[in-house]
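The values are calculated or read from the model by the stated rules, or taken from the named source; none is laboratory data. Keep in mind that what you see is a predicted model, and the values were worked out from it rather than measured. Cβ sites come from the backbone with ideal geometry, for glycine too, and all protein chains shown count toward neighbours.
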Amino acid sequence: MPITEAQKRATMKYLKDKTDELKIRMPKGRKAELQAHAERGGESLNGFINRSADETMLRDNAVSAFTVQSEAKGTAEG
(Lines give C-alpha, C1' and ligand atoms only; values in the text may rest on other atoms or scores of the structure.)
Protein backbone atom coordinates (compact mmCIF):
# COMPACT_ATOMS: atom_id res chain seq x y z
CA MET A 1 0.00 0.00 0.00
CA PRO A 2 1.53 3.35 -1.01
CA ILE A 3 2.06 6.10 1.54
CA THR A 4 -0.56 8.84 1.30
CA GLU A 5 0.19 12.56 1.35
CA ALA A 6 -1.62 12.78 4.71
CA GLN A 7 0.71 10.13 6.15
CA LYS A 8 3.74 12.00 4.83
CA ARG A 9 2.51 15.25 6.38
CA ALA A 10 1.80 13.53 9.71
CA THR A 11 5.25 11.95 9.75
CA MET A 12 6.96 15.24 8.95
CA LYS A 13 4.94 17.05 11.65
CA TYR A 14 5.85 14.37 14.21
CA LEU A 15 9.55 14.57 13.34
CA LYS A 16 9.50 18.36 13.54
CA ASP A 17 7.61 18.47 16.85
CA LYS A 18 9.10 15.49 18.69
CA THR A 19 12.69 15.05 17.56
CA ASP A 20 15.92 16.98 17.21
CA GLU A 21 18.20 16.38 14.28
CA LEU A 22 21.95 16.24 14.74
CA LYS A 23 24.57 16.07 12.03
CA ILE A 24 27.96 14.72 13.01
CA ARG A 25 31.16 14.35 11.04
CA MET A 26 33.67 11.55 11.40
CA PRO A 27 36.54 10.07 9.42
CA LYS A 28 35.66 8.11 6.28
CA GLY A 29 34.82 4.51 7.09
CA ARG A 30 33.82 5.20 10.70
CA LYS A 31 30.10 5.28 9.88
CA ALA A 32 30.29 1.82 8.30
CA GLU A 33 32.19 0.54 11.34
CA LEU A 34 29.56 1.91 13.74
CA GLN A 35 26.70 0.65 11.58
CA ALA A 36 28.15 -2.87 11.46
CA HIS A 37 28.59 -2.87 15.22
CA ALA A 38 25.01 -1.71 15.74
CA GLU A 39 23.65 -4.36 13.38
CA ARG A 40 25.58 -7.10 15.18
CA GLY A 41 23.77 -6.01 18.34
CA GLY A 42 20.38 -5.88 16.59
CA GLU A 43 20.18 -2.09 16.70
CA SER A 44 19.86 0.71 14.22
CA LEU A 45 22.75 3.14 13.95
CA ASN A 46 20.56 5.83 15.50
CA GLY A 47 19.60 3.57 18.40
CA PHE A 48 23.22 2.58 18.99
CA ILE A 49 24.38 6.22 19.06
CA ASN A 50 21.58 7.20 21.46
CA ARG A 51 22.33 4.24 23.75
CA SER A 52 26.05 5.03 23.66
CA ALA A 53 25.39 8.65 24.61
CA ASP A 54 23.03 7.63 27.44
CA GLU A 55 25.49 5.11 28.87
CA THR A 56 28.39 7.56 28.66
CA MET A 57 26.41 10.29 30.43
CA LEU A 58 25.37 7.85 33.19
CA ARG A 59 28.99 6.75 33.65
CA ASP A 60 30.29 10.33 33.61
CA ASN A 61 27.67 11.43 36.13
CA ALA A 62 28.50 8.48 38.39
CA VAL A 63 32.20 9.37 38.25
CA SER A 64 31.38 13.03 39.00
CA ALA A 65 29.21 12.04 41.97
CA PHE A 66 31.97 9.74 43.27
CA THR A 67 34.55 12.52 42.90
CA VAL A 68 32.36 15.01 44.77
CA GLN A 69 31.74 12.48 47.57
CA SER A 70 35.44 11.62 47.79
CA GLU A 71 36.42 15.29 47.94
CA ALA A 72 33.81 15.96 50.61
CA LYS A 73 35.11 13.09 52.74
CA GLY A 74 38.68 14.27 52.29
CA THR A 75 37.74 17.80 53.35
CA ALA A 76 35.76 16.58 56.36
CA GLU A 77 38.63 14.35 57.54
CA GLY A 78 41.32 16.94 56.95
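Here's a check for you: in region 36-78, which residue that is at pLDDT below 95 and of a type in the set (Gly, Ala, Ser) is farthest from residue 24 (Cα to Cα)?
78
Would you call residue 39 surrounded by 11 or more Cβ atoms within 10 Å (Cβ to Cβ), out of contact with any Lys or Arg (no Cβ under 7 Å at 6 or more places or on another chain) and over 17 Å from residue 19 (Cβ atoms)?
yes
How do the pairs read when you match residues in region 15-39 that are among the charged types (D, E, K, R) with residues anywhere that are outside any loop (DSSP other than H, G, I, E, B) and exposed (fewer than 10 other Cβ atoms within 10 Å of the Cβ), using Cβ under 6 Å and keeping only pairs 6 or more apart or on different chains?
Matching pairs, first to second residue: none at all.
Restricting to region 10-25, name every residue that is within 16 Å of residue 45 (Cα to Cα) and over 18 Å from the mean Cα position of the chain (by Cα).
none
What are the residue pairs meeting all of these: first residue in region 48-66, first residue free of Cβ contacts under 8 Å to residues at least 40 places away in the same chain, second residue part of a helix (DSSP H, G or I), Cβ atoms under 6 Å, and 6 or more apart or on different chains?
Short answer, once both residue conditions are applied: 48/38.
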